[in-house]
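Accompanying notes for the structure given below.
The values are calculated or read from the model by the stated rules, or taken from the named source; none is laboratory data. In this text the structure is predicted, and so the values were computed from the model without any measurement. Please note: Cβ atoms are built from the backbone with ideal geometry, for glycine as well, and neighbour counts cover all protein chains shown. Each accessible area value is taken on the protein alone, full model and side chains, heavy atoms only, with ligands, DNA and RNA left out. Shrake-Rupley method; radii C 1.70, N 1.55, O 1.52, S 1.80 Å.
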Amino acid sequence: ALPRPVRFVKLRSRWLIDASSYPRFTMLGQFLGGAFVAVEALCRLTPSVFVDTMGCACAYPVARGLFGCHVACYVHYPTISTEMIKAVGARRAEHNNDATIAASRWRTAVKLCYYCAFAALYALAGRFATVVLANSTWTAGHIRQLWDARGVRVLFPPCDTTALAELPLCPLEREQLVISIAQFSGARAAVARLRAAARALARRARGRAPRDHWLRARRRRRASRGRAAHALDGARARWMRADRDGRELAERLGWLARAAVGLHTMWMEHFGIGIVELMASGVVPVAHASGGPLADIVVPVRGRPSGRLASSADEYAEAMHELLALAKEPGARVAYAQLQRSAREAAARFSDDIFAEGFARALRPLFGAP
């Protein structure tokens, strides 16, 4: 129990860290705006420990240098990364590098100078933090490199998958469905998802099973579906109680209970909570072989794979085709069931309790506790 009630202070200067306030030089605008927001917040309520989970690094020198606070931060994603700088230097059109800039030599040179100067400013501010936590191995590596910091610790974000983990793992319940839960944007590689799915569909069209085999599988699914109905209803009810938008979540839960394969295509995803939800649900993921999915999530469990990793559209199509075949063919379902169990066990490492314990342990020294 807390010794006193939590106090919330509404900040009038919140717009200063809103990306829409800066059509150009967005990173710099948000970075400097964070300092002004921090001044307002700390003038209205000055704590002994200042904890940032928003990524407002410019607030750290304000909190520590002007207000004498201990500073801790939980970094979800570095404001700038070495990949972003390399993309500009290589003149590649990316979500952070407009095609008009990539096509111009002098514009690229100007933007590269801007990025390098901002990286140095970001590093200077980051060194004012006493405790630095990162949400993944990928993020921690970038923060160590950018801030030249040694004490960066990895603390995986909380993923409440209790309801999802109650879904049945029986391969017979899994239909020939591929599910992708993500934003449709350039950074999230929406086009890559569609290309991979198109190639997987083309492969399956060339090797489609006879209709009588499909009908037999359909009858077997009907016979076993009743055994899973109670578990699905219970999980759906718990998830609806946990969120006000229960109808949308219940619909998503229904898809997670039916799908055999989960698709993730974002390059250099810092963590990937959506992948954790897939794995906890018993949906075997095909994720991008980079960032958090590669280093932390889709990793072997007891020496056994918990999913598949891919980089190109062809690799994605191959992996999806393989997993759908494993879930469909009676002789291969043992292997698919093992993948489901490994995926769920891997997802269990990201619970709310584990996060709460690690977060409290990291901040304890700032409050003078052993």
Practice item. Compare Phe36, Phe8, Phe350, Phe156 by solvent-accessible area with a 1.4 Å probe and give them largest first, with all protein chains kept in place. Key: Phe8, Phe36, Phe156, Phe350
Practice item. Would you please put 99-109, 139-149 in order of how densely packed they are, using the mean number of other Cβ atoms within 10 angstrom per residue and starting with the highest? Key: 139-149, 99-109
Review point. Do you know the relative contact order of the stretch 10-65, to the nearest whole percent, from alpha carbon pairs under 8 angstrom that are 6+ apart?
Key: 35
Review point. In Å², what does the accessible area per residue of the stretch 1-75 work out to with a 1.4 Å probe?
Key: 62
**Study point:** Kirkwood Rh (inverse of mean 1/r, distinct Cα pairs), the stretch 1-135, angstrom
**Key:** 16.3
Review point. In whole Hz, what ³J(HN,Hα) sequence does the stretch 347-352 give by Karplus (6.51, -1.76, 1.60; θ = phi - 60°), x for Gly and Pro?
Key: 5, 5, 6, 10, 7, 4
Revision key, fill the gap. For Phe50, the residues 5 or more places away or on another chain with a placed amide H closer than 5 Å to its own amide H are His70, Val71, Ala72
Check your understanding: So what's the projected area for the stretch 299-346, the Cα convex hull averaged over all directions, in nm²?
Key -> 3.4
Practice item. Give a residue-ordered list of calculated ³J(HN,Hα) values for the stretch 88-100 (Karplus: 6.51 cos²θ - 1.76 cosθ + 1.60, θ = phi - 60°; whole Hz; x for Gly, Pro). Key: 5, x, 7, 6, 9, 6, 10, 5, 9, 9, 4, 4, 5
Exercise for review: Using a 1.4 Å probe over the heavy atoms of the protein chains, calculate the carbon and sulfur portion of the accessible area of the stretch 67-114 as a whole percent.
Suggested key: 62
Review point. What list of ³J(HN,Hα) values in whole Hz, one per residue of the stretch 143-159 in order, does the Karplus curve 6.51 cos²θ - 1.76 cosθ + 1.60 (θ = phi - 60°) give from phi, with Gly and Pro shown as x?
Key: 5, 4, 6, 6, 8, 6, 9, 9, x, 6, 10, 8, 9, 5, x, x, 10
Exercise for review: Would you mind calculating the relative contact order of the stretch 243-356 from Cα pairs under 8 angstrom and at least 6 residues apart, reporting the percent as a whole number?
Suggested key: 26
Check your understanding: Which of the peptides 255-265, 10-20 is most tightly packed, and how do the rest follow, judged by the mean count of other Cβ atoms within 10 Å per residue?
Key -> 255-265, 10-20
Practice item. Beta carbons within 10 angstrom, averaged per residue: use that to sort the peptides 326-336, 283-293, highest first. Key: 283-293, 326-336
Point to revise | Electrostatic dipole magnitude of the stretch 1-133 [Cβ: Lys, Arg +1; Asp, Glu -1; Cα centre; debye, to 20] | key: 140
Check your understanding: Excluding Gly291 itself, what net charge comes from residues whose Cβ is under 10 Å from its Cβ, given Lys and Arg +1 and Asp and Glu -1?
Key -> -3
Exercise for review: Excluding residues on the same chain fewer than 8 positions from Lys111, give the lysines whose Cα lies under 25 Å from its Cα.
Suggested key: Lys86
Review point. Dipole magnitude of the stretch 260-360 about its Cα centre, charges +1 at Lys/Arg Cβ and -1 at Asp/Glu Cβ only, in debye to the nearest 20?
Key: 380
Revision key, fill the gap. Plugging the Cβ-Cβ distance of Trp15 and Leu66 into 1/(1 + (r/R0)^6) at R0 = 22 Å yields, to the nearest 0.05, a FRET efficiency of 0.50
Review point. Ranked from the most accessible area to the least, with a 1.4 Å probe and all protein chains present, what is the order of Arg4, Arg349, Arg361?
Key: Arg4, Arg361, Arg349
Check your understanding: So for Asp353, Asp314, what's the accessible-area order with a 1.4 Å probe, most first?
Key -> Asp353, Asp314
Point to revise | Gly262 long-range amide H proximity, modeled H, under 5 Å | key: Ile179, Val284, Val286
Exercise for review: Report the relative contact order of the stretch 1-136, percent, no decimals, based on alpha-carbon pairs under 8 angstrom and at least 6 residues apart.
Suggested key: 22
